[in-house]
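Asker: Provided herewith is a single structure, encoded as structure tokens, for subsequent inquiry.
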């Protein structure tokens, strides 16, 4: 029963896609610092940007 507990979550995660992104180290550090200053995480801000971009460009 314990193995079945997370089966749906595992299936969902297996379907997720990644977007490779290479940026200069100084940009990466500045972005991380800005997110930290605002109390958020870099991945959260990227997801928000993607969602907003999709809404504005459909």
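Asker: Those residues that are modelled with pLDDT of 95 or more and more than 15 Å from the chain's Cα centre (by Cα), I need them from segment 11-32; list them, please.
Answerer: Matches in segment 11-32: 23, 24, 25, 26, 27, 29, 30.
Asker: Additional query: Can you confirm whether residue 44 is surrounded by 10 or more Cβ atoms within 10 Å (Cβ to Cβ), modelled with pLDDT of 95 or more and part of a loop (DSSP other than H, G, I, E, B)?
Answerer: When the stated conditions are applied, residue 44 does not pass them.
Asker: Where the second residue is part of a helix (DSSP H, G or I) and at pLDDT below 95 and the first is under 12 Å from residue 19 (Cβ atoms) and lies in segment 40-58, which pairs have Cβ atoms under 7 Å and are six or more apart or on separate chains?
Answerer: Partner pairs satisfying both residue conditions: none exist.
The values are calculated or read from the model by the stated rules, or taken from the named source; none is laboratory data. This is a predicted model, so every value here is computed, not measured. Glycine also receives a Cβ, built like all others from the backbone with ideal geometry; neighbour counts cover every protein chain displayed.
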